Amino acid sequence: MRAPAKSSGSSSPAVSTVTDVTGTADTDLFRLMAEYGHEQVSLYQDPASGYRGIIAVHDTRLGPALGGTRFWHYHDDREALVDALRLSRGMTYKAAVAGLNLGGGKSVIIGDNKTTRREPIFRAHGRHVESLNGRYITAEDVGTSTTDMEFIRAETEHVTGLLGKSGDPSPVTAYGVYRGIKACAHVRYGSDSLSGKTIVVQGCGHVGYSLCKFLFEEGAKLLVADIDPQRVKTVVQDFKAVALKEEDVYRQEADIFAPCALGAVINDKTLPQFKVDIIAGAANNQLAEDRHGQLIEARGILYAPDYVINGGGLINVNAELHGWSLERARNKAGEIYDTILRVFDIAKEERIPSYQAADRLAEQRIAAVAAVRQNFV
């Protein structure tokens, strides 16, 4: 998910707080918080387990901040902090455009996500989450699993993605992306049918595989690539796809490119190579920089903003929080079709790139709901 640019027209939370185990403040930390518009950052360490974690709460005007826990080996603490800030702000916008009553948050655990000593680390993280008294709700993310969420659950109720509940969000995420691709086809071709369209899918993991299934069932021709040859082999066998070499992905002539793996795939190196009409996929942070959103538009390529089209995962987690059925969650993810159309309408009306239109839509909802709440305080 691309971290949305801060709008000069959006109102920032009135209070910013930072908490760590020593109670000290870092002036650089407050500067970063101001830059990203955050309400709160909490730093916590537990020497006994080796846990070192950061929770960033961006905005709670729509509801409690929700966002996954990322377990990653960062180069330094500042990189970890910036990642938490950037991702949590993106979650605010993702929840807003999805029509959910949630704010944006994110947590990162600094360390080796392949460690087998997981219970003490994630129980310490659970205590960290609990210390925020419900302002932040966590879930799975990169480097974590449903089993890790169960360890967190031993210390706090403010966790989702548990075993036997919403679990793996991939199918719902993929369905939302599929519906978003159909909306893009409607805008570009005048029909949302994908039958006969050639679609390059980069990334054949859980989301990519499920997306290929939906596309195949509608009659699309699939060209696929992944760093894992076995994943490619499975998709080729199951959906009659054609395997591509990784180096051929960006220069492949096709109707649609669906990035479902790495971020920053729209960059100075790849931009000149694209030979597609539409870029719409599940990957987060697809634009290496904001300017690439303008450049892709200048090339006449229709771009579906990533945090809009991949919002099905968040919708799936919201379904668990509110006890929705899988069918209701899937139907809600299907509304991404209409949201994508609205984004393109705003882009056309205001003559701005689609990534800016998505930010505008999110900011409008946050401001509208915040105003209503103020009137009833």
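The values are calculated or read from the model by the stated rules, or taken from the named source; none is laboratory data. It should be emphasised that the depicted structure is a prediction, and the values quoted were computed from it without experimental measurement. As a convention, Cβ positions derive from the backbone with ideal geometry for all residues, glycine included, and neighbour counts pool all protein chains shown. Keep in mind that these areas ignore ligands, DNA and RNA; they rest on the heavy atoms of the full protein, side chains included. Shrake-Rupley method; radii C 1.70, N 1.55, O 1.52, S 1.80 Å.
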Conditions first: (1) in a helix (DSSP H, G or I); (2) in contact with a Leu (Cβ under 7 Å, 6 or more places away or on another chain); (3) closer than 22 Å to Thr160 by Cβ. Leu32 passes all but one, so which condition is the exception? (3)
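Among the helices (runs of 4 or more DSSP H) confined wholly to region 279-377, which include 2 or more residues that are surrounded by fewer than 21 Cβ atoms within 10 Å (Cβ to Cβ)?
On the way: elements: 290-298, 306-309, 312-322, 326-334, 336-350, 354-375.
Counting at least 2 such residues, we get 290-298, 312-322, 326-334, 336-350, 354-375.
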Quick check on region 25-55: of everything there that is of a type in the set (Gly, Ala, Ser), at pLDDT 95 or above and out of contact with any strand residue (DSSP E or B) (no Cβ under 8 Å at 6 or more places or on another chain), which residue is surrounded by the fewest Cβ atoms within 10 Å (Cβ to Cβ)? Ala48
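Can you tell me which residue among Gly311, Gly281 is within 25 Å of Arg188 (Cα to Cα) and touching a Lys or Arg at 6+ places or on another chain (Cβ under 6 Å)?
Details: Gly281 fails: touching a Lys or Arg at 6+ places or on another chain (Cβ under 6 Å).
Sole residue among the options that is within 25 Å of Arg188 (Cα to Cα) and touching a Lys or Arg at 6+ places or on another chain (Cβ under 6 Å): Gly311.
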Restricting to region 73-112, and then to whatever is assigned to a loop (DSSP other than H, G, I, E, B) and touching a His at 6+ places or on another chain (Cβ under 7 Å), can you tell me which residue is surrounded by the most Cβ atoms within 10 Å (Cβ to Cβ)? Gly111
Exactly one of (1) open to solvent by less than 40 Å² (accessible area, probe 1.4 Å); (2) closer than 27 Å to Ala329 by Cα is unmet by Val187. Its number? (1)
Please tell me if His58 is outside any helix (DSSP H, G or I) and touching a helix residue (DSSP H, G or I) at 6+ places or on another chain (Cβ under 7 Å). yes
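Confirm whether Gly67 is within 24 Å of Gly313 (Cβ to Cβ) and within 17 Å of the chain's Cα centre (by Cα). Before you say what the answer is, go through the steps one by one.
Numbers: within 24 Å of Gly313 (Cβ to Cβ): yes; within 17 Å of the chain's Cα centre (by Cα): yes.
Here the answer is yes, as Gly67 does meet what is asked.
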Per-region count, region 36-55, residues assigned to a strand (DSSP E or B) and not polar (S, T, N, Q): 9
Among the residues of region 215-237, write down those that are in contact with a Lys or Arg (Cβ under 9 Å, 6 or more places away or on another chain) and either within 17 Å of Ile336 (Cβ to Cβ) or open to solvent by 20 Å² or more (accessible area, probe 1.4 Å) (or both). Leu215, Phe216, Glu218, Gly219, Lys221
Close pairs from region 164-180: first over 13 Å from Glu327 (Cα atoms), partner in a loop (DSSP other than H, G, I, E, B) and modelled with pLDDT under 90, Cβ under 7 Å, at least 6 apart: Gly167/Gly161
